[in-house]
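Shown next, in structure tokens, is the structure this report addresses.
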Amino acid sequence: MHVTLVHIHIKDGHIDDFIDANTANHQASIREPGNLRFDVLQQANDPCRFVLHEVYVDAAAAAAHKQTTHYLQWRDTVSNWMASSRQGVLYHGLNPVEARQWKTLA
């Protein structure tokens with residue numbers, strides 16, 4: 001599995017806008033053929049900080065995500081709301097082992 005945790009710090013005053021933009025991006029992303037998970041998390045003790053938990057079947061599917069209309073629209077919409085550049089950290093998904101086990105919310 002191709003797993004990325006994207007750490008995002010949003011400027012105060014844009015939290016609700018960011019959540020709205022992420023809702024639309026999430027809904028489209030989970031429909032992508034190679035997507036297994038796309039979770040949006042907000043930090044409990046700092047509501048300006050978010051993590052996107054993205055799981056794709058492979059690197060090609062993750063790269064395809066970054067070419068979609070919904071991703072490009074999200075990127076352009078939220079860019080001015082960022083307090084700092086977003087940081088994506090790549091992981092190898094070890095468990096669950098089978099792709100079907102990741103896709104439990106669809």
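Quick note: the coordinates plus some simple rules give every number you see, no bench work behind them. Since this is a predicted model, take the numbers as computed values, not measurements. Don't worry about glycine lacking a Cβ; one is built from the backbone with ideal geometry, like all the others, and counts go over all protein chains shown.
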Next on the checklist: Can you compute log10 of I(q)/I(0) for region 43-106 with the Debye formula, treating each Cα as one identical point scatterer, at q = 0.14, 0.23, 0.27 Å⁻¹?
Outcome noted: -0.58, -1.21, -1.28
Checklist outcome for this item: Listed residues PRO96, PRO33, PRO47; largest mean-square fluctuation, Gaussian network over the chain with Cα springs below 10 Å, found at PRO96
Checklist entry - Per 10 Å bin, what percent of the C-alpha pairs of region 2-94 does each bin hold, from zero upward? => result 17, 53, 27, 3
Checklist entry - Relative to the longest principal axis of the chain, what angle (0 to 90°, nearest 10) does the C-alpha long axis of helix 69-78 take? => result 30
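Relative contact order for the chain using alpha-carbon pairs under 8 Å, separation at least 6, rounded to a whole percent?
43
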Item to check | Fewest-first sequence of LYS11, LYS66 by Cβ atoms within 10 Å of each Cβ | outcome: LYS66, LYS11
Checklist outcome for this item: Simple SL model, points at 7 angstrom along Cα→Cβ for GLN27 and SER84; separation in nm is 3.2
Next on the checklist: Compute, for region 2-94, the length of the dipole vector about the Cα centre, with Cβ point charges of +1 (Lys, Arg) and -1 (Asp, Glu) only. Units Debye, rounded to 20.
Outcome noted: 200
Checklist entry - For helix 15-29, what angle does its Cα long axis make with the longest principal axis of the chain, in degrees from 0 to 90 and rounded to 10? => result 20
